[in-house]
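Next up is a structure, given as structure tokens.
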Amino acid sequence: MDNEILKNIKERRSVRRFKQEQITDEELNTVLEAGTWAPTGMGTQAPFIVAVQNEEQKAVLSKINAEIMGTKSDPYYSAPTHIYVFAPKDNANNVKDGSLILGTMMLAAHSIGLGSCWINRVDKMVAYPEMQQLMKEWGLPDGLIGVGSLAIGYPDGAPHAAKPRKDGYYRVIK
């Protein structure tokens, strides 16, 4: 069976080289809106999605993430846009819901010609005072955990080919 959604799932790859040209507002809003349609436990829509294109804020966020990672390089691969997903600490589905949002946005980005890469360590970034200050500036409530983030932009080159799927990846029990 084949259709556009299945094709996008199979073709999407993590992109780690981005053109410096900023994505359009229409493209950004398309990706963000797609994230709002991801399933959430009991339909709570509890997570928060924040897109950051401000160069100063991106630099602070990249520095925090790099410090946690133990590197000086930019963990966001100099992407023109970062997208962060947060969820309430007390929500039982916080990581699951946030992960579905991130995955949905990655597929949406690919479907409109954008590249993306999931960036970890946001769960640790939220402990940094600079991140807490930014979260306040962004109007987020207290009590959130960081689920993950995306580097997003126009790919600069073709991504690597997909690895073949391993044998026995799934099973059907009847």
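Apply the Karplus curve 6.51 cos²θ - 1.76 cosθ + 1.60, θ = phi - 60°, to the phi angles in the stretch 158-166 and return the couplings in whole Hz, x for Gly and Pro.
Going residue by residue, I get 8, x, 5, 5, 5, 6, x, 6, 5 Hz, with x marking Gly and Pro.
Let me know the volume per residue of the alpha-carbon convex hull for the chain, in Å³.
Each residue corresponds to 155 Å³ of Cα convex hull volume.
For the pairs Lys10/Lys72; Lys63/Lys166; Lys96/Lys166; Lys58/Lys89; Lys136/Lys163, note any where the Cα-Cα span goes beyond 31 Å.
Those over the limit are Lys10/Lys72; Lys63/Lys166; Lys136/Lys163.
How far is the Cα center of the stretch 101-174 from the Cα center of the stretch 1-74, in Å?
5
Moving on to the next point. Could you calculate the FRET efficiency of Gln53 with Lys124 from 1/(1 + (r/R0)^6), where r is the beta carbon distance between them and R0 is 22 Å, rounded to 0.05?
E between Gln53 and Lys124, to the nearest 0.05, is 0.45.
Could I ask something else about it? Give me the percent of accessible area attributable to carbon and sulfur for the chain, probe 1.4 angstrom.
Roughly 54 percent, rounded to a whole number.
Relative contact order, percent, of the stretch 60-174 when contacts are C-alpha pairs under 8 Å separated by at least 6 residues?
For the stretch 60-174, the relative contact order is 36 percent.
Another one. Could you tell me which trypsin sites (Lys or Arg not before Pro) in the stretch 57-137 are loop residues by DSSP with no more than 10 other beta carbons within 10 angstrom of their beta carbon?
Those satisfying the criteria are Lys72.
For the stretch 123-166, max minus min Cα coordinate along each principal axis, in Å, sorted largest first?
Principal-axis extents of the stretch 123-166 (Cα, largest first): 43, 27, 15 Å.
Which value in nm describes the separation of the simple spin-label points at Trp138 and Ser78, placed 7 Å from the Cα toward the beta carbon?
The modelled label-to-label distance comes out at 2.4 nm.
Taking 0.36 nm per intervening residue step and subtracting the Cα-Cα distance, what contour gain separates Arg17 from Trp37 on full extension?
The Arg17-Trp37 span can extend by a further 4.4 nm.
Using the heavy atoms of the protein chains alone and a 1.4 angstrom probe, what is the accessible area of the chain per residue in square angstrom?
Heavy-atom accessible area per residue stands at 61 Å².
If you don't mind, there's one more thing I want to ask. Highest first, please rank the peptides 113-120, 31-38 by the mean number of other Cβ atoms sitting within 10 Å of their residues.
113-120, 31-38
Residue by residue, what Karplus-based ³J(HN,Hα) values in Hz, rounded to whole numbers, does the stretch 51-66 have, using 6.51, -1.76 and 1.60 with θ = phi - 60° and x for Gly and Pro?
Karplus values, whole Hz, x for Gly and Pro: 9, 10, 10, 5, 4, 5, 5, 4, 5, 4, 5, 5, 5, 4, 4, 5.
What translational D, rounded to a whole number of µm²/s, comes out for the stretch 60-120 from Stokes-Einstein when the hydrodynamic radius is the Kirkwood one over Cα pairs, at 37 °C and 0.692 mPa s?
251
The values are calculated or read from the model by the stated rules, or taken from the named source; none is laboratory data. Note that this is a predicted model, so its numbers are computed, not measured. Neighbour counts are summed over all protein chains in view; Cβ atoms, including those assigned to glycine, are modelled from backbone coordinates with ideal geometry. Ligands, DNA and RNA are excluded from the accessible area calculation, which covers all protein heavy atoms including side chains. Shrake-Rupley method; radii C 1.70, N 1.55, O 1.52, S 1.80 Å.
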